[in-house]
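Everything on this sheet refers to the single structure shown next.
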Amino acid sequence: MLRGSTVVVRRSEPLSAEAGEEIVIFSAEQGSYHAFGTTGSRVWELLEEPTSISALCGTLGSEYDVDEQRCFREVSSFLEELRQAKLIEVRPD
C-alpha cells in the first residue's frame, strides 16, 4: 500500500523520449511501451530522483493547483499502474 512517506523512483531500464508534449517509454524487459500526457510526463520527470509521494504531490499541487487529497489519490493510482508495469521502484518506508 502506498503512503505519503513511500519513496518511489523510476527504474533505470525503461527508455524514454519526448514526443511533443508527451513522454513515450519503452521497456525492452517487459516488451511494452507507454505514452504519458502532460501530467503523467511531469510525474515521470519528477521520478528521476527518489522522492516521497508527499513531496511529489506537494510539487504537483503547486504546479497544477490541485488539493492534496485529490492529488494523492490520483498520483497513487498512477504510480500503482507504473509499479505493475515494472517501470518504477517502490522503496520501503
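The values are calculated or read from the model by the stated rules, or taken from the named source; none is laboratory data. Because the structure is predicted, anything quoted here is derived from the model rather than measured. Using ideal geometry, Cβ is built from the backbone for each residue, glycine included, and neighbour counts are taken over all protein chains shown. Keep in mind that these areas ignore ligands, DNA and RNA; they rest on the heavy atoms of the full protein, side chains included. Shrake-Rupley method; radii C 1.70, N 1.55, O 1.52, S 1.80 Å.
Data for the structure
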| quantity | calculated |
| --- | --- |
| C-alpha long axis of helix 53-64 to longest principal axis of the chain, angle in ° | 90 |
| Exposure of residue 68 as accessible area (Å², to 10), given a probe of 1.4 Å and all protein chains | 150 |
| Computed E for residue 69/residue 11 - FRET, C-beta separation, R0 30 angstrom, nearest 0.05 | 0.60 |
| 59, 38, ranked by accessible area, largest first (probe 1.4 Å) | 38, 59 |
| Residue-count net charge about residue 64 - beta-carbon cut-off 13 Å; Lys, Arg +1, Asp, Glu -1 | -3 |
| Cα-based equivalent ellipsoid, region 1-46: semi-axes from gyration tensor eigenvalues, Å | 20, 15, 8 |
| Debye-sum result for the chain in log10 I(q)/I(0), which assumes one identical scatterer on each alpha carbon, at q = 0.17, 0.22, 0.26 Å⁻¹ | -0.69, -1.14, -1.47 |
| Shape category assigned to region 20-63 from the gyration tensor of Cα positions, a/c cut at 1.5 | oblate |
